[in-house]
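K.L.:
Could you have a look at this structure, given as structure tokens, before my questions?
Coordinate-derived values only; no laboratory data. Note that the coordinates shown come from a computational prediction; the quantities given were computed from them, not determined experimentally. Ideal geometry is used to build each Cβ from the backbone, glycine not excepted, and the neighbour counts take in all protein chains shown.
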Amino acid sequence: MSAFIYVAGKNDDDARDRAFYLLKKYTSATLLQRAIDLYREFLRDFEREIKRPEVEIDYSDDLVRFMRFLQPMEYAEPLLTNPTRRAEAFDMLRDSVKFSSYIWGRKYEELGADDPNDLFYKIGYRRNPEDSIGVFGKANLSSSLLSVALTTINKASVLYLSDKHDARSIKRWTYESIFFDDLPSNAIPPIRFPAQFSKCPPRNEDNTGEVWSGRQIPVTGIWEPWAINPKIGVRCPNYYLVGDTASQYQFEGTDTLEDVRWRLIWKDSRYASGQTPYEEDEYFAPDPSANLNAPIMRKASPGEVCPESGEWFAPNLNNKTFTMNAGEIMPGPELGSTGAVIWYLKPRSDSGSAL
């Protein structure tokens, strides 16, 4: 669950700063590259597992089909930091993310991929993608990252505030939805904010150049919606690509979409040099709360091969401990309730540390 909860009229400026941070992260080249890398890891790990000597069934056709979704990712990859062609990259990634509906679609459901005796299940496949771990957990995390980026762009996806059949739904992004990561089925990766991040630019009080809902956006960047009713004020910013159609806005606490006036507050020039800015280095950095003076420990992620026999523990799984043998696959899930799951080898009593 996100550590930040929006309370109207109480922390509006803080919410604005945090929304600005998330919009930049969700549309960053770093996040998209991370998603592509995870899918490559999934393919590599899947190929390794199906080629084990004890596997009697030929899964090579499945691998070929999975690999087809990598092609649009590889076409998009060099365009992620090309300011004039990022829209093309998003279009290609829109095609590639269809791997999720294929992997967790009717075909593998009917083939019994979630049967505990099936190889797919043994390497992490679960009926619900958000429950998948290990090898298939990487595919699901890749899908979540791509989905959160693409829904930030197209603004057509719906977020549900509960898992009940009559749950309220919200068109992203609003202050009611952008910090809501409680339900994994919404495909929002757990939200973490760094100790320090850049402030959102001031509100644009000038109505020159404002764009009404339904009109074309002239500049790629982050735009802020101004309500027609001045009592409502300015609401949650959103990211637009040049040429997009300005959307309506679903005001917090309501179920209707209304016309607004969008005003530019930040022009996206992050990749003018063709490089990623240094601030993106933090987006997937390890939790900084670790003791820097502690001995260096061996670590491994769910789905990876255990590099050394011994007792392994995971801080983000309430310090759950497993005894693992070298060569075994580290257990999942990929994400715990407090962040990414990393397994650490416990120090041995004879050496005092694990290197």
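K.L.:
Looking at segment 5-68, which trypsin sites (Lys or Arg not before Pro) are in a loop (DSSP not H, G, I, E or B) and have at most 16 other Cβ atoms within 10 Å?
P.N.:
Lys10, Lys51
K.L.:
Just name one of Pro116, Asn207, Thr245: the one whose Cα is farthest towards the positive end of the charge dipole of the chain (beta-carbon charges, Lys/Arg +1, Asp/Glu -1).
P.N.:
Among Pro116, Asn207, Thr245, the one farthest towards the positive end of the dipole of the chain is Asn207.
K.L.:
Filter the GluC sites (Glu not before Pro) in segment 115-207 down to the DSSP loop ones having no more than 11 other Cβ atoms within 10 Å, then list what survives. Intermediate results must be reported in sequence, preceding the final value.
P.N.:
Working: sites: Glu130, Glu176, Glu205; in loops: Glu176, Glu205.
The qualifying sites are Glu205.
K.L.:
Related question: Helix by helix through the chain, keep the DSSP H runs that span 18 Å or more along the axis on Cα and average at least 0.5 on Kyte-Doolittle, and give those back in order.
P.N.:
134-154
K.L.:
Please list, by residue number, every one of the trypsin sites (Lys or Arg not before Pro) in segment 94-173 that is coil in DSSP and has at most 15 other beta-carbon atoms within 10 Å. Please report the intermediate quantities before stating the final value.
P.N.:
Working: sites: Arg94, Lys98, Arg106, Lys107, Lys122, Arg126, Arg127, Lys138, Lys155, Lys164, Arg168, Lys171, Arg172; in loops: Lys98, Arg126, Arg127, Lys155, Lys164, Arg168, Arg172.
Taking segment 94-173 and a limit of 15 other Cβ atoms within 10 Å, the loop trypsin sites (Lys or Arg not before Pro) found are Lys98, Arg127, Lys164, Arg168.
K.L.:
Another question about this same structure. Among [x] 22.0, 71; [y] 24.8, 85; [z] 21.9, 83, which one is Rg and Dmax of the Cα atoms in Å computed from these coordinates?
P.N.:
[x]
K.L.:
Taking the Cα centre of the chain as the origin, how large is its charge dipole in debye, to the nearest 20, when only Lys and Arg (+1) and Asp and Glu (-1) carry charge on their Cβ atoms?
P.N.:
700
K.L.:
At a Cα cut-off below 17 Å, give the lysines reachable from Lys320, other chains included and same-chain residues fewer than 8 away excluded.
P.N.:
Lys299, Lys346
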